[in-house]
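Reviewing the structure listed below.
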Amino acid sequence: MRINRLILIVFVCMFISGCEQNGYNKSQGSTELQTKTIFAMDTAMQFQIYTSRSDIIDLLENEIKHLDRLFDRGNSESDIYLINNTSAPITVADDTATVINTALEISSQTDGAFDISIAPIMDAWGFYTHDYVIPDTSVIDELIKNVNYHEISLNANTVCTPDNMMLDLGGIAKGFAADKLVKIIEDNDINSGIISLGGNIAAIGSKPDGSQWSVAIQDPFNSDKYIGAVSVADKAVVTSGAYQRYFESGGNIYHHIIDPHTGYPADNDIASVTIISDNGTTADALSTALFVMGMDNAADYYRKHQSFDAVFITKENEIYITPGLKNSFKSENTFSVIE
Ligand code: AMP
Ligand code: MG
């Protein structure tokens with residue numbers, strides 16, 4: 001078996017002119033480009049912020065560490081560890097309650113395609129330990145009885161779950177973290193920057209020259225290529241793709257986005273989903289959920305809600321965009337607009 005995990009630093013370098021070294025500050029008129037790459041939440045994170053404030057990167061890093069301590073399933077003091085390993089109700093931090101609340105809303109809107117109680121299934125496939133196995137059907141059948149977001153109760157900051165249930169915020173935590181970092185950046189009167197938390201990009205304002213940020217969307221079938229780019233200002237751009245984390249066995253690929261109704265990696269016509277939205281938390285949850293739902297159901301979800309834009313790439317290599325991207329999506333490939 002082989003694990004292939006993409007580190008997304010290269011991705012960020014594609015759409016920002018010049019890839020800076022850690023801590024390198026490049027003068028841009030009255031402001032400077034502050035950059036840093038860190039590893040947290042099991043992924044590479046890159047910050048590129050235009051400001052003369054030299055302490056901003058430290059503020060961002062501290063916030064990520066704070067959230068990682070709340071959400072990390074492996075940290076015996078984290079909220080999620082306590083929920084997963086204690087029978088009694090747990091009082092969690094405001095941030096944890098907010099993430100769980102949004103997760104439950106998206107679960108309900110997507111008929112359970114998004115479900116943070118997926119943790120036991122992730123473990124059975126070895127995605128938590130990176131020790132990959134194909135579980136027996138009987139194991140999946142047993143574990144999936146514990147996957148049911150309806151049984152997560154959240155009252156103010158008190159979380160109650162059945163004994164065998166375990167939560168995993170991996171499908172939403174980075175989007176929430178991106179929103180929190182954007183708030184810190186804006187509260188410090190900074191209006192230009194871009195952050196990448198794994199596949200979660202947040203564009204703050206526009207580039208220093210006033211033009212929009214161009215965020216490249218990876219070709220799911222070729223890690224060296226991009227299928228196009230979206231021009232954005234003040235948006236989250238979040239991609240979920242089978243190529244981001246997977247292992248191979250017997251010529252088959254098993255990836256990390258699980259269909260909570262089957263316990264197996266979602267297997268439909270979608271190869272990747274990119275959500276473009278004002279809200280990074282819902283963008284993150286939705287990219288995962290719409291990937292699970294497949295093209296027809298995802299397009300129906302868009303038509304019903306229309307609170308975001310999206311780029312879908314199918315396994316047939318077709319590209320579909322939502323109407324809001326007609327002027328901002330650029331690609332050398334042909335693409336269709338969802339009506
Ligand atoms: P993303 O990369 O944002 O699509 O999220 C994938 C991660 O979310 C996985 O690594 C798991 O931690 C978790 N996950 C996988 N499948 C689901 C699902 N159907 N609903 C919620 N979280 C999921
Ligand atoms: Mg997600």
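The values are calculated or read from the model by the stated rules, or taken from the named source; none is laboratory data. Owing to the predicted nature of the structure, the values given are computational and were not obtained by experimental measurement. Virtual Cβ from ideal backbone geometry, glycine too; neighbours counted across all protein chains shown. Keep in mind that these areas ignore ligands, DNA and RNA; they rest on the heavy atoms of the full protein, side chains included. Shrake-Rupley method; radii C 1.70, N 1.55, O 1.52, S 1.80 Å.
Quick look at the values:
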quantity: Which listed residue, of Asn164, Asn155, is in contact with a Pro (Cβ under 9 Å, 6 or more places away or on another chain), more than 16 Å from ligand 1 (Cβ to nearest atom) and touching a residue at least 12 places away in the same chain (Cβ under 8 Å); calculated: Asn164
quantity: Residue match in the stretch 123-135 (condition: in a helix (DSSP H, G or I), within 20 Å of the chain's Cα centre (by Cα) and outside the structural domain of Asn279 (by TED's automatic domain parsing)); calculated: yes
quantity: Checklist (1) open to solvent by 40 Å² or more (accessible area, probe 1.4 Å); (2) away from ligand 1 (no atom under 11 Å from the Cβ) applied to Thr262, failing item; calculated: (2)
quantity: Residue under evaluation Ile140, criteria (1) surrounded by fewer than 17 Cβ atoms within 10 Å (Cβ to Cβ); (2) assigned to a helix (DSSP H, G or I); (3) hydrophobic (A, V, I, L, M, F, W, C), criterion not met; calculated: (1)
quantity: In the stretch 220-231, the residues that are in contact (Cβ under 8 Å) with a residue 24 or more places away in the chain and either over 19 Å from the mean Cα position of the chain (by Cα) or outside any loop (DSSP other than H, G, I, E, B) (or both); calculated: Phe221, Tyr226, Ile227, Gly228, Ala229, Val230, Ser231
quantity: Residue count, the stretch 143-160 (criterion: under 24 Å from the mean Cα position of the chain (by Cα) and part of a loop (DSSP other than H, G, I, E, B)); calculated: 4
quantity: Residue list for the stretch 170-219, filter: surrounded by fewer than 21 Cβ atoms within 10 Å (Cβ to Cβ), part of a loop (DSSP other than H, G, I, E, B) and at negative phi; calculated: Asn188, Ile190, Asn191, Ser206, Lys207, Pro208, Asp209, Ser211, Gln212, Asp219
quantity: Every residue from the stretch 31-65 that is surrounded by fewer than 19 Cβ atoms within 10 Å (Cβ to Cβ), hydrophobic (A, V, I, L, M, F, W, C) and more than 18 Å from Ser78 (Cβ to Cβ); calculated: Ile38, Leu59
quantity: The listed residue being within 15 Å of ligand 1 (Cβ to nearest atom), open to solvent by 10 Å² or more (accessible area, probe 1.4 Å) and of a type in the set (Ser, Thr, Tyr), out of Thr274, Thr288; calculated: Thr288
